[in-house]
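Notes for the one structure printed next.
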Amino acid sequence: MKNVFTLAIAACLVLGSALIAEAKDIKKKQDFQNAVAGKKLVDGGTWVLISPDGKISGQTSDKVKFSGAWIWNKRFWCRTLVVGGNQIPQDCQKVTIEGNQVTFTRNKGKGDSGGTYTISN
């Protein structure tokens with residue numbers, strides 16, 4: 001019984017390491033376009049559509065609509081937004097993908113989380 005328990009723990013550690021290793025930084029525009037652009041991203045009641053043509057549209061969980069534009073700059077996704085009529089300054093963000101989860105990290109990966117979204121389509 002002790003051997004079965006030890007094998008189960010070892011299997012969990014190996015599988016857990018494989019899942020952690022699956023997270024990948026997106027560093028190229030084409031990889032971003034393939035994985036994220038044109039798909040609806042959802043986080044609770046908030047959704048966003050990042051179009052391949054450089055446009056952004058969406059709605060917050062409070063039903064406030066937003067729009068904006070994006071470009072790829074070196075290894076970062078750079079966006080500007082207008083949320084409820086308020087201009088949000090440009091921010092270049094690191095993008096990480098793991099399975100169907102996309103995480104944006106502000107200030108070129110050095111800032112707060114810009115959110116983790118589920119790719120819904």
Unmet requirement for Arg79, which otherwise passes all of (1) open to solvent by less than 50 Å² (accessible area, probe 1.4 Å); (2) among the basic types (Lys, Arg); (3) part of a loop (DSSP other than H, G, I, E, B): (3)
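Matching residues to (1) of a type outside the set (A, V, I, L, M); (2) not in a strand (DSSP E or B):
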position: Asp25; (1), (2): yes, no
position: Asp31; (1), (2): yes, yes
position: Asn34; (1), (2): yes, yes
position: Val42; (1), (2): no, no
position: Trp47; (1), (2): yes, no
position: Gly58; (1), (2): yes, no
position: Asp62; (1), (2): yes, yes
position: Ser67; (1), (2): yes, no
Out of everything in region 96-120 that is at positive phi and surrounded by 14 or more Cβ atoms within 10 Å (Cβ to Cβ), what residue ends up being nearest to the chain's Cα centre (by Cα)? Gly115
Looking at Gln93, is it loosely packed, with under 12 Cβ neighbours inside 10 Å, at negative phi and either among the aromatic types (Phe, Trp, Tyr) or outside any loop (DSSP other than H, G, I, E, B) (or both)? no
Does region 40-58 hold any residues that are open to solvent by 30 Å² or more (accessible area, probe 1.4 Å) and either touching a strand residue (DSSP E or B) at 6+ places or on another chain (Cβ under 6 Å) or of a type in the set (Lys, Arg) (or both), and which are they? Lys40, Val42, Asp43, Trp47, Leu49, Lys55, Ser57
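The values are calculated or read from the model by the stated rules, or taken from the named source; none is laboratory data. Bear in mind the structure is a predicted one, so any value in this text is a computation, not a measurement. Please note: Cβ atoms are built from the backbone with ideal geometry, for glycine as well, and neighbour counts cover all protein chains shown. To get the accessible areas, we keep the full protein, side chains included, count just its heavy atoms, and leave off ligands, DNA and RNA. Shrake-Rupley method; radii C 1.70, N 1.55, O 1.52, S 1.80 Å.
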